[in-house]
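S.K.: I'd like to ask you about the structure that follows.
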Amino acid sequence: MQRLLTVCVGNICRSPIAAALLRADLPHYTVSSAGIAAVVGNDVDEHARRVAEDAGVAVGEHSARQFTKEIAAENDLILVLEGGHRREVEKIVPGISGRVMRLSRWTGDGDIPDPYRRSIEFHQAVFAQIQEATQAWAARLGGR
């Protein structure tokens with residue numbers, strides 16, 4: 001397993017931040033992100049970027065993209081931010097359930113809420129949840 005995909009709704013808040021955190025902790029993995037209802041072509045939300053960069057996370061360039069069967073086929077493990085995302089991913093790619101898990105699998109296995117159009121404080125709280133979850137994955141996948 002060398003290719004990881006993070007998936008949320010718009011691919012502008014949670015999944016690109018999760019991908020950036022995983023790339024930092026798992027440099028020998030290829031990590032990307034997508035959305036089940038992506039705001040295709042958009043950059044990372046300004047609050048999400050600011051919170052991540054204030055925490056020292058290099059988000060880099062980003063262009064939101066729609067989750068597809070082709071993207072699924074390119075990845076070994078798909079990490080979703082909510083249970084509903086898992087159901088949507090499985091509708092798009094039937095039979096994929098064995099490769100789909102919640103990002104929070106090792107930190108309570110609950111939904112990580114969508115901070116889109118919410119306060120900077122809400123973004124900070126969501127970032128903390130994403131960071132905890134990605135660190136737990138990195139520990140299990142042999143990260144630094």
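S.K.: Here is a check on your reading of the model: is ALA52 farther than 25 Å from ARG87 by Cα, part of a helix (DSSP H, G or I), in contact with a helix residue (DSSP H, G or I) (Cβ under 8 Å, 6 or more places away or on another chain) and hydrophobic (A, V, I, L, M, F, W, C)?
M.R.: When the stated conditions are applied, ALA52 passes them.
S.K.: Further question on the same structure: Condition first: at pLDDT below 95 and polar (S, T, N, Q). Can you find one or more residues in segment 55-77 that meet it?
M.R.: no
S.K.: With the requirement that a residue be touching a strand residue (DSSP E or B) at 6+ places or on another chain (Cβ under 7 Å), farther than 17 Å from ALA37 by Cα and either in a loop (DSSP other than H, G, I, E, B) or of a type in the set (Asp, Glu) (or both), what does segment 74-95 give you?
M.R.: Within segment 74-95, GLU74, ASN75, ASP76 qualify.
S.K.: Looking at ILE71 and the list (1) in contact with a Ser or Thr (Cβ under 9 Å, 6 or more places away or on another chain); (2) part of a loop (DSSP other than H, G, I, E, B); (3) among the β-branched types (Val, Ile, Thr), which single condition is not satisfied?
M.R.: Result: ILE71 passes all but (2).
S.K.: From the list GLY41, GLY35, pick out the single residue that is within 13 Å of ILE12 (Cα to Cα), crowded, with 18+ Cβ neighbours inside 10 Å and of a type outside the set (Lys, Arg).
M.R.: Being within 13 Å of ILE12 (Cα to Cα), crowded, with 18+ Cβ neighbours inside 10 Å and of a type outside the set (Lys, Arg) holds for just one of GLY41, GLY35, which is GLY35.
S.K.: Which ones in segment 15-34 are under 12 Å from VAL59 (Cβ atoms), assigned to a helix (DSSP H, G or I) and touching a residue at least 24 places away in the same chain (Cβ under 8 Å)?
M.R.: Filtering segment 15-34 down to residues under 12 Å from VAL59 (Cβ atoms) leaves 15-21, 23-24, 33.
Next cut, assigned to a helix (DSSP H, G or I) only: 15-21, 23-24.
Scanning segment 15-34 gives SER15, PRO16, ILE17, ALA18, ALA20, LEU21, ALA24.
S.K.: Within segment 100-144, track down each residue that is acidic (Asp, Glu) and assigned to a helix (DSSP H, G or I).
M.R.: Start the filter on segment 100-144 by keeping residues that are acidic (Asp, Glu), which leaves 109, 111, 114, 121, 132.
Listed by number, the residues that qualify are GLU121, GLU132.
The values are calculated or read from the model by the stated rules, or taken from the named source; none is laboratory data. Note that the structure is predicted; figures quoted are calculated from it, not measured. Positions of Cβ are generated from backbone atoms using ideal geometry, with glycine treated the same way; all protein chains shown enter the neighbour counts.
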